[in-house]
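Please read the structure below before turning to the comments.
Rule-based calculations on the coordinates, nothing more; no lab input. These figures come from a predicted structure and were not determined experimentally. Cβ placement follows ideal geometry from the backbone for every residue including glycine, while neighbour counts extend to all protein chains displayed.
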Amino acid sequence: MALNVYVALCYYKLDYYDVSQEVLGVYLTQHPTSTVAGNLKACNLFRLYNGKSAEAELKQISSDQHTFAQDLVLPELVDVVPEARLNLAGYKLRHREPLEARELLEPLQPSSPLHYILRGVVAEEQMKLAQQSFHIVGSSASECDTIPGRQCMASSYFLAGQFEEVLVYLNSIKSFFVNDDTRR
């Protein structure tokens, strides 16, 4: 009976999601609480329909023993089912954990549109974090009139794409760096 899960996984990896679903159904009739089979079913549903149906399936198989999408299955299947790594990265992003999401995506070369999208979102999240950090320093009362504070504000505006503001801040400290080629 357990071979059905492995056969379903093979069909899944061959992009035969409907066949994978059929084979998996045989196993799930005997073992409806299997978290591995449930996750594979969710991955098939994602490919066949959409993310909402996959998420609904994952919520159905969660229980008191498992925390949805953490202890459940995704970490255990990260190196088995490609979507598990991507799904877990998406979960981390939705829960404001961009560094963890980035770590999940780094070991892989992008191979699907979803992977490229997630990498773009992770990079954007890092840019937002950097921009916010520079802004906090540059706008703080203790740093706003210092050279590092003005450099931080220039960096914040640069990351926000407000280039005229960048020039205002850099021009305000330009005279301090006339003999320093590394700061030009």
**Message:** Above 22 Å lies some portion of the pair distances; for the chain, what is it as a whole percent of all C-alpha pairs?
**Reply:** 58
**Prompt:** When the helix-only estimate is applied to the chain (DSSP H runs of n ≥ 4, each -39,500 (n - 2.57), divided by the residue count), what is the mean residue ellipticity at 222 nm, nearest 500 deg cm²/dmol?
**Reply:** -21500 deg cm²/dmol
**Item:** Gain in span if fully extended, PHE177 to ASN50, counting 0.36 nm per residue against the direct Cα distance
**Value:** 40.2 nm
**Message:** Full-extension gain between GLN126 and SER139, please, as 0.36 nm times their residue separation minus the C-alpha to C-alpha distance.
**Reply:** 2.7 nm
**Complete:** Rounded to whole Å, √(5λ) for the Cα gyration tensor eigenvalues of the range 130-184, largest first, gives 18, 13, 9
**Message:** Please list, ordered by chain and number, the residues whose modelled amide H lies under 5 Å from the amide H of LEU108; skip anything fewer than 5 residues away on the same chain.
**Reply:** none
**Request:** Run the numbers on the chain and let me know its relative contact order in percent, using alpha-carbon pairs under 8 Å that are six or more apart.
**Result:** 9
**Prompt:** Given R₀ = 22 Å, FRET efficiency for CYS10-GLU100 by Cβ-Cβ distance, to 0.05?
**Reply:** 0.15
**Item:** Virtual spin-label span in nm between ILE147 and THR29, 7 Å along Cα→Cβ
**Value:** 7.7
**Prompt:** When only C-alpha pairs under 8 Å and at least 6 residues apart count, what is the relative contact order of the range 130-184, in percent?
**Reply:** 28
**Prompt:** How about the range 20-53: which chymotrypsin sites (Phe, Trp or Tyr not before Pro) there lie in a loop by DSSP and see at most 16 other Cβ atoms within 10 Å?
**Reply:** TYR49
**Fill in**
Between the alpha carbon centres of the range 114-184 and the range 1-64 the gap in Å comes to 47
**Request:** Among the lysines, select those whose C-alpha is under 23 Å from the C-alpha of LYS52, and discard any that sit fewer than 8 residues away in the same chain.
**Result:** LYS13, LYS41, LYS92
